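Below: the structure, in structure tokens.
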Amino acid sequence: MNPLTEHRKFETVEEYLAFEEKSEVRHEYYLENLIEMSGTSYNHNNLVFYLSAFFRYNLQRLEYKISSEQVKLFIGSENIFFYPDVMVALPEEHQYYSTQPVLIAEVLSESTRKFDMIDKFIQYQKLDTLQYYLLVEPDKYLVILYKKAAEGDWQSNTFTAITDTIDLPKFNISIALKDIYEA
């Protein structure tokens with residue numbers, strides 16, 4: 001990955017949160033490394049906005065919390081903090097992070113593609129509540145959906161046509177690629 005990385009150990013969640021609150025840039029915390037979050041392109045930002053707006057509009061009647069880019073995800077068993085691009089989570093008491101996502105979406109970039117597709121997905125699979133992991137390619141119509149099957153295995157589907165629709169039965173909704181890409 002291209003972002004700057006600094007080795008640092010935080011003993012408590014509160015210690016990391018206090019560090020982040022004072023920092024001028026955001027950092028993911030992975031395997032005792034702070035990973036500086038770089039800026040994004042307009043295209044990346046638009047895709048995050050479209051996804052967030054879609055879930056906010058379509059899930060507003062339900063009890064989910066929808067966030068984009070600024071709310072952390074905490075994987076307690078590994079002491080890891082990530083900043084998912086879009087997260088749909090169960091409600092909980094934490095103000096600055098979630099531990100119970102149901103859907104996570106990451107918009108890929110050259111600097112994070114491998115990390116998002118491999119390292120993060122390995123960690124995300126440890127979350128019992130997670131049902132969907134969406135990977136969105138910003139420069140072409142390509143969305144990969146990982147969906148947890150009833151027996152706990154993960155299945156993937158790839159969507160490449162602007163007319164494709166992605167079913168999300170847990171939410172009783174579908175999202176069309178044209179809604180993601182505003183085409």
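Read the figures in this text as sums done on the coordinates, not as results from a lab. Just so we're clear, the structure is a prediction, and the values are computed from it rather than from any experiment. As a convention, Cβ positions derive from the backbone with ideal geometry for all residues, glycine included, and neighbour counts pool all protein chains shown.
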query: For all pairs of alpha-carbon atoms in the chain, what percent lies in each bin of width 10 Å, listed from the first bin to the last filled one?
result: 9, 39, 38, 14, 1
message: I'd like the Karplus ³J(HN,Hα) series for region 146-152: coefficients 6.51, -1.76, 1.60, θ = phi - 60°, whole numbers in Hz, and an x wherever there's a Gly or Pro.
response: 9, 10, 7, 7, 4, 7, x
field: Positive-pole candidate from LEU142, THR40, TYR83, dipole of the chain, charges at beta carbon
entry: LEU142
task: Could you count how many Lys pairs in the chain have their Cα atoms under 13 Å apart, skipping same-chain pairs fewer than 8 positions apart?
output: 4
- request: Using only Cα atoms, locate the centre of region 14-84 and the centre of region 96-172, then give the distance between them in Å, rounded to an integer.
  value: 15
field: In degrees, nearest ten, helix 13-22 long axis to first principal axis of the chain (Cα)
entry: 90
query: List the GluC sites (Glu not before Pro) in region 1-99 that DSSP assigns to loop (not H, G, I, E or B) and whose Cβ has at most 10 other Cβ atoms within 10 Å. Which are they?
result: GLU11, GLU24, GLU63, GLU93
message: Show me the trypsin sites (Lys or Arg not before Pro) within region 63-172 that DSSP assigns to loop and that have at most 11 other Cβ atoms within 10 Å of their Cβ.
response: LYS140
- line: Dividing the alpha-carbon radius of gyration of region 123-183 by 2.2 N^0.38 Å, where N counts its residues, gives 1.16
query: What residue among GLN100, THR112, ASN172 has its Cα farthest toward the positive end of the dipole of the chain, where the charges are +1 on Lys, Arg and -1 on Asp, Glu, each on the Cβ?
result: ASN172
field: Contour excess over end-to-end distance, with Cα ends at SER23 and GLU78 and 0.36 nm allotted per residue
entry: 17.5 nm
query: Do any chymotrypsin sites (Phe, Trp or Tyr not before Pro) in region 64-125 lie in a loop, going by DSSP, with at most 15 other beta-carbon atoms within 10 Å of their beta carbon, and if so which?
result: TYR96
message: How much length would be gained if the chain were fully extended between ILE173 and GLU110, taking 0.36 nm per residue of separation minus their Cα-Cα distance, in nm to one decimal?
response: 19.7 nm
- request: Pop the C-beta distance of ASP153 and GLU6 into the FRET formula with R0 = 35 Å and round what comes out to the nearest 0.05.
  value: 0.45
